[in-house]
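After the structure tokens below, expect a handful of questions from me.
What follows draws every value from the coordinates through simple rules; no lab data is involved. If you're wondering where the values come from, they're calculated on a predicted model, not measured in any experiment. Methodologically, a virtual Cβ is constructed for each residue, glycine included, from the backbone with ideal geometry; neighbour enumeration extends over all protein chains shown.
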Amino acid sequence: MLFAFRHQPKERLESRCVSCTRPSADSNIICFTRHWKVLLHPNQCGLGAVLIVSLRHVASVGKLNVDEAADFHRLFVLLEPALEKVFGASLVNVSCDRNWAFRKANPNPPFFEGRPNPHVHWHVVPRYPRKISFDSVEWSDTTFGEPFVWRKKAVPLGVRVKIIRAIRRKLPISFVKKANQSTDPAFASGTFRAGHEPRHRLRGSIQR
């Protein structure tokens, strides 16, 4: 089952690992399940690009448990066609990049006990064979048919909110008013350990 909040949460990102931010504290949240959350990608150089992030802090895909893997599949079966339909994409690209966790300068997340501390997340990017416009903003996928190339693109906050709403309309989402143990899986599953206090950070923080 997919959940979403009726009102977008205020951003209170986790300081130790931005990907560990619970759904009810992430302003980019589109929807979430028992084990995963879907966020609007901070970099909208690809219209409708999203992140699928594990709620549990797990270092690699091979370390996902059976329930997490099955939940990912159920989620992706719904999300892939939604992203293709919402703005007319021909396909979506999917990649699991953990590179920033291993870099020596400013690793993200920060090293833990002197070692890289990656968190499994997927970059999902719709691809378009032509120029596309949404809410007076234009996109051009200049490398269509080849690997996607990330680049900077300024997209107003109001347009980002409309993109989130447009994607949600293509998904079978159950809306909830606020977070509790039944609607915010992070609380019920014990994903967040004591001492991991959230703090405000710049909107769009991300790891790759």
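Highest mean first, how do 33-46, 156-169, 120-133 rank when packing is the count of other Cβ atoms within 10 Å averaged over residues? Let's see the in-between values first.
Details: 33-46: 21.5, 156-169: 15.5, 120-133: 17.9.
Packing proxy ranking, top to bottom: 33-46, 120-133, 156-169.
Taking the number of other C-beta atoms within 10 Å as the exposure measure, put E138, E14 in order starting with the fewest. List each step's numbers first, then the result.
Numbers: E138 9, E14 22.
Listed from fewest to most nearby Cβ atoms, that is E138, E14.
Which semi-axes, in whole Å and largest first, does the equivalent ellipsoid of the stretch 50-91 have when worked out from the alpha carbon gyration tensor as the square roots of 5 times its eigenvalues?
Details: eigenvalues 121, 22, 12 Å².
For the stretch 50-91, the ellipsoid semi-axes come out as 25, 11, 8 Å.
Working out 0.36 nm times the residue gap between K85 and K177, then minus their Cα-Cα distance, what length gain in nm do you get to one decimal?
Values: separation 92, 0.36 × 92 = 33.12 nm, distance 2.73 nm.
Once the chain is fully extended between K85 and K177, it gains 30.4 nm.
Right, here's the next one. Treat the count of other C-beta atoms within 10 Å as a stand-in for reagent exposure and order L83, L47, L171 from fewest to most. Let's see the in-between values first.
Values: L83 24, L47 27, L171 18.
The order, fewest Cβ neighbours first, is L171, L83, L47.
May I ask you to order 1-12, 17-28, 57-68 by the average number of other C-beta atoms within 10 Å around their residues, highest value first? Could you put the intermediate results ahead of the total?
Numbers: 1-12: 15.2, 17-28: 22.3, 57-68: 13.4.
Answer by packing, highest mean first, reads 17-28, 1-12, 57-68.
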